[in-house]
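The values are calculated or read from the model by the stated rules, or taken from the named source; none is laboratory data. From a predicted model like this one, the values you see are computed outputs, not experimental measurements. Positions of Cβ are generated from backbone atoms using ideal geometry, with glycine treated the same way; all protein chains shown enter the neighbour counts. Ligands, DNA and RNA are stripped out before the accessible areas are found, and what is left, the full protein with its side chains, is counted by its heavy atoms. Shrake-Rupley method; radii C 1.70, N 1.55, O 1.52, S 1.80 Å.
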Amino acid sequence: MMYRSQFTPQNALRKSLVIGSLLGLISSNSALAQLVDIDQTQWQASGDKFSCQLRQPLNNGYVEFVARAGYPLAITLVEGDKSSSGSLAVSRLAAPWQNKDDIEPLGSGDISPAQPYMNSGTEPLLAGLQSGNWAQLALTLNQKTRHITLSNAGIHQPALDFQGCRNQLLPASYDQVSLVRVQFSSGKNRPQPSYSDTLNNLAMYVRTDKEITEVHIDGHTDSHGHHLDNLKIAKDRADNVAEYLKYLGVPEDKIILRYHAERYPIASNNTNYGRAQNRRVEIRLIKQNTPPDQDSFFSP
């Protein structure tokens with residue numbers, strides 16, 4: 001289900017009051033500043049089960065609250081066609097007509113094109129906008145600070161749509177379920193109970209993302225025991241996980257089973273901890289154009 005909404009307020013009297021109240025705020029700040037004018041306020045909500053966005057356009061860019069499946073609420077600042085770089089601080093402001101000079105710092109963090117999301121203070125920042133406050137973003141780079149002041153005008157319905165989108169997000173993202181390792185007790189062929197939620201989340205993701213073409217399930221053991229016995233244990237482990245995923249709705253024609261026994265350890269078999277890591281089933285989700293897993297693709 002796709003969410004899209006937009007609101008553009010047209011209230012000339014309110015606009016004149018806001019601009020008059022903010023002239024002093026902007027002129028008293030020697031740093032670069034941008035005020036999103038009342039007539040320019042265009043909060044827009046969109047999204048699906050993988051991510052949700054609440055966006056406010058800016059001059060040559062936008063500010064966006066982003067909720068991604070499996071991750072906390074974040075905020076990002078985009079200028080031109082790429083994410084901004086620098087230290088981003090967010091604060092809650094009293095609206096100009098409240099006749100207060102209150103500014104409450106909420107959080108800060110670094111952003112860059114490689115790491116565009118900052119989640120410190122974003123929940124109270126959005127809650128403040130919904131409850132009547134304004135917001136200020138301060139981006140500092142090379143000892144220069146740019147301030148962006150956001151109005152809450154027109155945010156009510158887009159924010160409700162944004163929350164509705166967040167309520168139907170998947171519990172995990174592709175990054176979080178694309179490679180899952182399920183561990184087993186020694187000699188056992190059924191996974192430990194603590195992996196129930198992990199497997200449920202993975203199955204839900206596969207059922208939702210139509211780009212998943214294959215689900216590779218690889219059975220492994222530690223090095224104790226005879227190779228043929230280990231191969232059977234690895235097969236039983238992989239088969240049991242596959243049956244459980246099919247029960248959860250993963251299509252059988254997407255599942256590819258492989259059994260490796262002790263062939264591909266990920267830790268030393270000389271310690272209890274290492275052997276516990278090696279007694280595992282690995283589940284790897286394959287999308288179109290996903291590169292092969294080198295550990296299992298190449299033969300020694």
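Scanning region 217-249 for residues that are over 15 Å from LEU199 (Cβ atoms) and surrounded by fewer than 20 Cβ atoms within 10 Å (Cβ to Cβ) yields a count of 11. Condition check for MET118 on (1) within 17 Å of THR76 (Cβ to Cβ); (2) in contact (Cβ under 8 Å) with a residue 40 or more places away in the chain; (3) open to solvent by 20 Å² or more (accessible area, probe 1.4 Å): one failure, at (3). Within region 70-93, residues that are over 15 Å from THR145 (Cβ atoms) sit with their Cβ atoms under 9 Å from residues that are basic (Lys, Arg) and at pLDDT 95 or above, at 6+ positions apart or across chains, in these pairs: LEU73/ARG166; ALA74/ARG68.
Selection within region 185-237: residues that are touching an Asp or Glu at 6+ places or on another chain (Cβ under 7 Å) and of a type in the set (Asp, Glu). The member of this set that is nearest to PRO171 (Cα to Cα) is ASP218.
Within region 36-86, restricting attention to residues that are in a loop (DSSP other than H, G, I, E, B) and open to solvent by less than 20 Å² (accessible area, probe 1.4 Å), which residue is nearest to ILE111 (Cα to Cα)? Per the stated criteria, the residue is SER84.
Can you name every residue in region 262-280 that is assigned to a helix (DSSP H, G or I) and open to solvent by 70 Å² or more (accessible area, probe 1.4 Å)? Answer for region 262-280, where residues must be assigned to a helix (DSSP H, G or I) and open to solvent by 70 Å² or more (accessible area, probe 1.4 Å): ASN272, TYR273. Within region 175-204, if we keep just the residues that are closer than 23 Å to LEU73 by Cα and open to solvent by less than 80 Å² (accessible area, probe 1.4 Å), the residue that is farthest from the chain's Cα centre (by Cα) turns out to be ASN200.
Answer with yes or no whether ALA172 is in contact with a Leu (Cβ under 8 Å, 6 or more places away or on another chain) and either of a type outside the set (S, T, N, Q) or open to solvent by 50 Å² or more (accessible area, probe 1.4 Å) (or both). Quick ask: steps written out before the conclusion?
Working: in contact with a Leu (Cβ under 8 Å, 6 or more places away or on another chain): yes; either of a type outside the set (S, T, N, Q) or open to solvent by 50 Å² or more (accessible area, probe 1.4 Å) (or both): yes.
Yes.
Within region 96-115, being farther than 25 Å from GLY80 by Cβ, among the aliphatic types (A, V, I, L, M) and buried (at least 17 other Cβ atoms within 10 Å of the Cβ) holds for one residue alone: LEU106. If we keep just the residues of region 252-261 that are in contact (Cβ under 8 Å) with a residue 40 or more places away in the chain and open to solvent by 50 Å² or more (accessible area, probe 1.4 Å), which is nearest to LYS287 (Cα to Cα)? Here the residue is ILE256.
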